[in-house]
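Enquirer: Attaching a single structure in structure tokens format; questions to follow.
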Amino acid sequence: MQTRIVHAIAGTIILISLLLGIYIDQNWFWLTGFVGVNMWIHALTNWCLMYIILSKLGIKKDGATCRG
């Protein structure tokens with residue numbers, strides 16, 4: 001579940017920052033780059049701050065499902 005949430009948050013931030021960069025100010029593109037760099041760091045090191053935050057919020061890791 002964490003992976004889906006992280007991808008949704010990253011995608012949302014990228015899309016919003018792109019729209020802000022196009023319609024408001026080009027400096028918003030720095031946010032797009034920041035998210036991209038964080039995704040790249042996660043791919044290389046397997047460390048992601050968002051996963052830590054979600055774990056502290058009680059969101060279950062991938063593979064853990066609730067079955068009744």
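All of the numbers you see were taken from the coordinates with simple rules; none came from a lab. All of these numbers come straight from a predicted model, not from anything done at the bench. Neighbour counts run over all protein chains shown; Cβ positions are idealised from the backbone, glycine included.
Enquirer: Need pairs with beta-carbon distance below 9 Å; first residue more than 15 Å from H7 (Cβ to Cβ) and within segment 34-46, second assigned to a helix (DSSP H, G or I) and of a type in the set (S, T, N, Q); sequence gap 6+ or separate chains.
Expert: Within 9 Å, the pairs are F34/S17.
Enquirer: Consider W40 carefully, then state whether it is over 23 Å from D62 (Cα atoms) and either surrounded by fewer than 11 Cβ atoms within 10 Å (Cβ to Cβ) or in contact with a helix residue (DSSP H, G or I) (Cβ under 8 Å, 6 or more places away or on another chain) (or both).
Expert: no
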